Amino acid sequence: MKKTLGIALVVLGSIIVAMLIFGAGTFFGHTNVFANNCTTNSFRTQAINFPGPWMMSRYNMMGGFNRARGCGYNNTSDIPLTIDQTKQAVEGYLQTVNNSDLKLEEIMIFDNHAYARIIEISTGIGAMELLVDPSTLSVYPEYGPNMMWNQKYGHMGGNGMMGGAGMMNGNFFDSSFVPSEMTVSPEQALQFAQQYLDQQFPGYNMSDEVYPFYGYYTIDFLKDDQPAGMLSINGYSGQVFLHTWHGTFIEMWE
């Protein structure tokens, strides 16, 4: 009886030790992956809120979401996309939606993926921001402000991706939709964005081009007069959201 009990205790102890070793390995493995993916990118997932011209409060916005999809994202293909490949993929995507008022306006190639800005032909306002995976050529909505701040085509809007007449069901227009006028002007958005860079990443400057979307603006920022990334600015609160997932800029088409 004692011998049987002893064997059972030894087996149970072995199982517990194995579980502890596995758990520790998993924890440190995830920790190292997170550290390697995020520390190689000098731009951390951050946002700044500008509730007034002289008041600023800094906080980490949607940190878990961006750590998972931003810092953690890496291109599995060694070869970046070309402009032509991106055009073909995005044009094919737009053909699948029911809105002839949408057109491809800009492409930016990064080493992680390609970025595409889509506008409404009738208004010139940005409709959505798309990403193209270089390994599969899959086209999908950009995360961040494109989903959360986009009043017309985003996750939260009445025309949003998850309901109404949005991206996920392939219907991109609704004659009853009336967007509210943004209270933050393009000039203010540019000012807030530059203040963010001056505080967080001195030496980087905003581009003069401010691209309006339904609920926010997106602006490129520059290093030595070359594109280095993007910021989005909420059109009502003035929050500044840093796009952390692009990687190194390669080339652009407009």
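Computed from the coordinates by the stated procedures, all read-outs in this text should not be read as laboratory data. Treat the numbers as computed from the prediction; the structure is a model and nothing was measured. Because the Cβ atoms are built from the backbone with ideal geometry, glycine has one as well, and the counts that use them run over all protein chains shown.
Take K152, K103 and order them by how many other Cβ atoms sit within 10 Å, fewest up front. Don't skip to the end; give the middle numbers.
Values: K152 25, K103 14.
With the fewest neighbours first, K152, K103 line up as K103, K152.
Roughly how many nanometres apart are two label points built 7 Å out from the Cα toward the Cβ at E209 and S138?
2.9
For K87, go through the aspartates and glutamates and keep the ones whose alpha-carbon is under 15 Å away, minus same-chain ones fewer than eight residues off.
E105, E106, E129, D133, E251, E254
Expected output is a single nm value to one decimal: the length gained when fully extending between S237 and E254, i.e. 0.36 nm times separation in residues minus the C-alpha distance. What is it? Each step should come with its number before you reach the end.
Numbers: separation 17, 0.36 × 17 = 6.12 nm, distance 2.94 nm.
Length gained, S237 through E254: 3.2 nm.
Restricting to Cα pairs below 8 Å that are 6+ residues apart, what does the relative contact order work out to for the stretch 207-248? Please round to a whole percent.
Details: 63 pairs, mean separation 11.9, N = 42.
It rounds to 28 percent for the stretch 207-248.
For I79 and L222, what does the FRET efficiency come to when R0 = 35 Å and r is the distance between their Cβ atoms, rounded to the nearest 0.05?
0.85
Using 7 Å Cα-to-Cβ label points, what is the D101/S180 separation (nm, one decimal)?
2.1
Considering only DSSP states other than H, G, I, E and B, which GluC sites (Glu not before Pro) in the stretch 112-154 qualify as loop sites with at most 16 other Cβ atoms within 10 Å?
Listed in order of number, the matching sites amount to none.
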